[in-house]
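Novice: The structure that follows is given in the form of structure tokens.
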Amino acid sequence: MASFQQRKVVGDAHERYVGEQLILRGWEVNPWGQGLLTRKLQEALRVTDSFIRWIPDLIAAKGTDLVLIDCKARMTSRNTGRHAVERAAVHAHLQLVAWTRLPVYYVFDDLGVLSPHDILIAGQEGPHGIAGSGSPYFLISGNFARHFDGLFGSKESATQWGIAS
């Protein structure tokens, strides 16, 4: 089992990649969430059940569209093609959507995109795992995921219209 720090390095790289992909499509992107906090604050949040523990990683805007993005690195099974998302995160993000009236999206390694609502409706409760954080999670087939380009635009259309440099 990888340590938290090892998982964090992979997660940080995925966040950068997703941010770069959004920028290529003409989105303005800023880091958001726990990644901006000091290590001691991150550690304190990790042992609470506060919903702010699951603040998404990125905030992005294109024109008047504003979205929150939670990047999910290594959360897809190579054997089954199912994505896993911690149940507590899904419940927190549903509350965040209700509170902010902004969409929250999960972006996986393959750039498949799901919302908390997608997972709540079509996902299945997975067993209480011992890998990663060991927290209960939802499993959902990757076939339910939307295509990144379909939701955020393609690199070609952004360049064609002069949106991305």
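The values are calculated or read from the model by the stated rules, or taken from the named source; none is laboratory data. Just so it is clear, the model here is predicted, and its values are computed rather than measured. Glycine also receives a Cβ, built like all others from the backbone with ideal geometry; neighbour counts cover every protein chain displayed. Just so you know, the surface numbers come from the protein's heavy atoms only, side chains and all, with ligands and any DNA or RNA stripped out. Shrake-Rupley method; radii C 1.70, N 1.55, O 1.52, S 1.80 Å.
Novice: Looking at (1) at pLDDT 95 or above; (2) open to solvent by 20 Å² or more (accessible area, probe 1.4 Å); (3) under 27 Å from Phe144 (Cβ atoms); (4) outside any loop (DSSP other than H, G, I, E, B), can you tell me which one Leu102 breaks?
Specialist: Going through (1) at pLDDT 95 or above; (2) open to solvent by 20 Å² or more (accessible area, probe 1.4 Å); (3) under 27 Å from Phe144 (Cβ atoms); (4) outside any loop (DSSP other than H, G, I, E, B) one by one, Leu102 breaks only (4).
Novice: Among the residues of region 133-156 satisfying the criterion of being open to solvent by less than 40 Å² (accessible area, probe 1.4 Å) and not in a strand (DSSP E or B), which is modelled with the lowest pLDDT?
Specialist: In this case the residue turns out to be Gly134.
Novice: Which members of region 7-37 meet the condition of being touching a strand residue (DSSP E or B) at 6+ places or on another chain (Cβ under 6 Å), part of a loop (DSSP other than H, G, I, E, B) and under 24 Å from Leu94 (Cβ atoms)?
Specialist: Listed by number, the residues that qualify are Trp27, Trp32.
Novice: Let me ask something else. Restricting region 38-96 to residues that are under 17 Å from Gly126 (Cα atoms), of a type in the set (Lys, Arg) and not in a helix (DSSP H, G or I), which is least open to solvent (accessible area, probe 1.4 Å)?
Specialist: Ranking the candidates gives Lys72 first.
Novice: Give Val107, Val90, Val97 a once-over and let me know the one that is without any contact (Cβ under 8 Å) to a residue 24 or more places away in the chain and under 23 Å from Leu45 (Cα atoms).
Specialist: Result of the check over Val107, Val90, Val97: Val97.
Novice: Within the bounds of region 6-14, is there any residue that is open to solvent by 80 Å² or more (accessible area, probe 1.4 Å) and under 16 Å from the mean Cα position of the chain (by Cα)?
Specialist: The first filter runs over region 6-14 and keeps only residues open to solvent by 80 Å² or more (accessible area, probe 1.4 Å), leaving 6-7, 9.
Applying the additional criterion that residues be under 16 Å from the mean Cα position of the chain (by Cα) yields 7, 9.
Checked against the condition, which is being open to solvent by 80 Å² or more (accessible area, probe 1.4 Å) and under 16 Å from the mean Cα position of the chain (by Cα), region 6-14 yields at least one hit.
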